[in-house]
1. At 7 Å along Cα-to-Cβ for each site, give me the label-to-label distance between A:GLU83 and A:ASP277 in nm.
2. A:LYS283's amide H: which non-local residues (gap 5+, or another chain) put their own amide H closer than 5 Å, with H modeled 1.01 Å from N in plane and none for Pro or chain starts?
3. If R0 is 56 Å, what FRET efficiency do you get for B:GLU202 and B:ASP118 from their C-beta distance, rounded to 0.05?
4. Could you work out how much longer the chain between B:TYR254 and B:LYS176 gets when fully extended? Use 0.36 nm per residue separation minus the Cα distance between them, nm to one decimal.
5. Hey, what's the Cα Rg ratio for chain B versus the globular rule of thumb, 2.2 N^0.38 Å?
6. Could you order peptides A:32-42, A:180-190 by the average number of other Cβ atoms within 10 Å of their residues, highest first?
7. Just checking the output field for B:36-48: average partner chain Cβ neighbours within 10 Å of each residue's Cβ?
8. How high is the relative contact order of segment A:33-109, in percent, with contacts defined as C-alpha pairs under 8 Å that are six or more residues apart?
Amino acid sequence: MHELINGLIMNNLKNGILERMDDSAIMENMHAGRIAMTTDSYVVNPMFFRGGDIGRLCISGTVNDLATSGAIPYALSLSFILEEGMDIGELERIVKSIASTATEAGVRIVTGDTKVVEKGKGDGLYINTCGIGHIPDGVDISTYNAKENDDVIITGYMGNHEVAMVKARELIDFDIDVESDVAPLNKKIEALLKKNVDIHCIKDPTRGGVASALFEIAEHSKCETTIQEDALPVHPGVRSVCEIVGYDPLYLANEGKYIIICPSGSTKDVLLEFGKDAKVIGKVGKTGEARLLYETAYGGIRRMGMLETTQLPRIC
Amino acid sequence: MNDTVKKIRILKDKIKEISQKDISIMEVCGTHTMSVARFAIKSLLPDNINVISGPGCPVCVTSGTDIETALTMARDESKIVCTFGDMIKVPSQGDNLGNYKNVKIVYSPLDSLKIAKDNPDKEVVMLGIGFETTAPLIACAIKAAKQMALPNFSVISMHKTVPIAMGAILSDKDAKIDALILPGHVSAITGRKYFDFIKDYETSGVISGFEALDIMECIYLLVDLYNNEKLDVINNYSRIVSEHGNKLAMDTMYDVFETCDSGWRGIGTIPDSGLEIKDEYAAFNARKKFGINVSEVLDPPGCRCGEILMAKAKPSDCGLFGKNCTPANPVGPCMVSSEGTCAAFYKYQ
């Protein structure tokens, strides 16, 4: 079993470092200066959904986390916890998806591990990845850096991933044309930094959605942020689901979107890089008190907070 | 600027212009609670207009005893319990339905019939929750189950009806409610006329839709009636609601259900405010089928949701608020609902 799995992984993911099968991966020193490191575990159920799978997710999630600091991903670790009886055909699809997503992100998997647990003690497959990257000199991007008058940008439609998951879990039975947005975004950030575009904050609005992520930025940067109702990009399918079951798209998870906060002089470049669905959704206001405000088209204003618990379909 | 935005702005100014006296307006529908919050309605109103969330979310007002009844089914792994989504977080004695793998979230009661057909070796128990809006759907599911002679399907009816509870609140002399935003979905089933009784309590109401413009129009009409000391029940949602409602749905509901006493979280038992399955359909009544008998679960001591729902107290007056009762671990209905009075107060305090 182990040999089969190792063979499968090696055939798809091999590179000069992984192939050595040493207990630790030895790499050239990247660059002088700062490095960024992150880790995440992926327990998504089901493992396959419209627009992606756990393999694409475990690479995208980790490289996207690295790139929020402006880091250029350099190497990843990959660790599988397999439940006994996991379908080998499905595992192969996932490994191939990992390989193609890693190629897309331009990152190597340099070390890994596989454990098998008894049937009933796992959920098919859990994956942990850890990533390191280097931060180019002069780059200073963090959720603590939002400044008054900065633009708040979302790089595309909100909530597609969570709605695709809700559909994949068969929680809703109506036909909708919504795919998960799961994708690696590091190359786009790298391109912006190469052009010396000034960016203050990058955050990936995963669990808790855009509103929770913006609230966290407001808290870290101690600033007021106002978002405009009529500027928010929501896919028509996602909007329909939200209307019917009572979700707020601002609290739905994304896996291929960034919130980017930058001086207005950088906005055009950011929008160009991310394409037509990227939108300026608000402005950073005065510093001092951390507040997230939502302004309606007719001038109503309300405060928003973090997502406290999971959103559930409401009956009323 | 589009037409709707213009109209809302005009209404905002008009309401301010005509509003003279202090007025407390209660909405009694979970979707209105959400709309008022989402559209930031309160920020468009002058300070003398107070919009209160009443006991309009049927999930939030489900009593501990009813949750315990559902939990006895969920704890038996040979059963599948089907429920509407937000029910799984309503607490009872430190437990909730979300803790059990055999609890399935369904969007339509008819889905639970399919689950019963697909799992003939399991007993499927549907939780019947909601007001006049959902009760006819559950009634249809029960009738369909009878027609199909489905042996493994039953329902725990926790249904409630709106008028008796509204009467109980309006007749409370300490409650400070001057006008009502009447529930649009419930009215689509019951019709406008059903709510004429509120005039007996010297209160006016306007049936409203759920868009920002609907709610602003409704508030304008209520303030105008109140200023002019007029009593009326107005249908301002005529694109959906008729004078006499959906007779077929009402008939189906009363074909399967009969009125019973019902426990409301935070308020207590209100006589004749619930719906129980008639004897004719006893085979589909899970309480009878499985002889469920749970002892009464009292509201946790100290919970003041009943008073908060009736605008007699503020969240901060309650000793549990923010300590034993938070959005992640809610106690009373005002915290169970994500936009309930206490949850909103907690988030934005």
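Any read-out appearing in this document is the output of simple, stated calculations on the displayed coordinates, not a laboratory observation. The model shown is predicted, which means the values in this text are computed figures rather than measured ones. Neighbour counts are summed over all protein chains in view; Cβ atoms, including those assigned to glycine, are modelled from backbone coordinates with ideal geometry.
1. Between A:GLU83 and A:ASP277, the simple spin-label model gives 3.1 nm.
2. A:VAL152, A:THR226
3. For B:GLU202 and B:ASP118, the calculated efficiency is 0.60.
4. 24.8 nm
5. Relative to the 2.2 N^0.38 Å estimate, chain B comes out at 1.01.
6. Top to bottom by mean Cβ count within 10 Å: A:180-190, A:32-42.
7. For this peptide, the per-residue mean of nearby foreign Cβ atoms is 4.
8. The value is 37 percent.
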